[in-house]
Amino acid sequence: MTMDDIIDTMGDRLLDNSSRGAFDGSYKVTGDNKGKGKIMPKVEAVELPCSVVYAEMKPKMYGSKVDIWSLGAILYHMVTGETPFEPNEESVMAGVYKKPVGVSPQLIDLIEKMLVVDPSKRASIEEVATHPWLN
């Protein structure tokens, strides 16, 4: 067996094993483990013509304040070696993070102004650029 055959067989077996546990059971693998495997979805017949209803997406406007948040998180990570937030949505949305230890009060002030949840209250790029910690 060549290396390509081994890799191909491993891939087919992974595909076979993962599709056996498909959540809705709608996928079945057929093939001979030689790259000829196919995923066969079960298709429900519908009468034609049919119509598809789409939900209206509400646009969310993003500006430079989103980048300020990202830069604040990166700055925090560079200074502490840790991410500012716990890995859960609640902590991020509440804006709860530990203040960096052993850094200047000016840096803490800058990070606090950058990691404000409400974009209208978050520092602008001009405020960040003219902050005393950077000057």
**Request:** All but one of (1) under 26 Å from MET61 (Cβ atoms); (2) in contact with a Phe, Trp or Tyr (Cβ under 7 Å, 6 or more places away or on another chain) hold for SER120, so report the exception by its number.
**Result:** (2)
**Pair list, Cβ under 6 Å, 6 or more apart: segment 119-135 residue surrounded by 11 or more Cβ atoms within 10 Å (Cβ to Cβ), other residue in a loop (DSSP other than H, G, I, E, B)** = ARG122/VAL116
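What are the residues in segment 93-135 that are within 16 Å of ILE68 (Cα to Cα), outside any loop (DSSP other than H, G, I, E, B) and not hydrophobic (A, V, I, L, M, F, W, C), if any? Can you show your working first?
Start the filter on segment 93-135 by keeping residues that are within 16 Å of ILE68 (Cα to Cα), which leaves 93, 95, 107-131, 133-134.
In the following step, the residues that additionally are outside any loop (DSSP other than H, G, I, E, B) were identified as 93, 107-114, 125-129.
Listed by number, the residues that qualify are ASP109, GLU112, LYS113, GLU126, GLU127.
Could you tell me which residue of segment 40-92 is farthest from the chain's Cα centre (by Cα), considering only residues that are assigned to a helix (DSSP H, G or I) and of a type in the set (Gly, Ala, Ser)? Spell out the reasoning first.
Going residue by residue through segment 40-92, those that are assigned to a helix (DSSP H, G or I) are 64-80, 89-92.
With of a type in the set (Gly, Ala, Ser) added as a condition, the list becomes 64, 70, 72-73, 91.
Values: SER64: 19, SER70: 13, GLY72: 18, ALA73: 15, SER91: 16 Å.
This residue is SER64.
Can you confirm whether PRO84 is touching a residue at least 24 places away in the same chain (Cβ under 8 Å) and either surrounded by fewer than 13 Cβ atoms within 10 Å (Cβ to Cβ) or touching a His at 6+ places or on another chain (Cβ under 8 Å) (or both)? Talk me through it step by step, then tell me what you get.
Working: touching a residue at least 24 places away in the same chain (Cβ under 8 Å): yes; either surrounded by fewer than 13 Cβ atoms within 10 Å (Cβ to Cβ) or touching a His at 6+ places or on another chain (Cβ under 8 Å) (or both): yes.
The answer is yes for PRO84.
Taken together, the values in this text are just the output of simple stated rules run on the coordinates, not laboratory data. Just so we're clear, the structure is a prediction, and the values are computed from it rather than from any experiment. For neighbour counting, all protein chains shown are included, and Cβ atoms are generated from backbone atoms with ideal geometry for every residue, glycine included.
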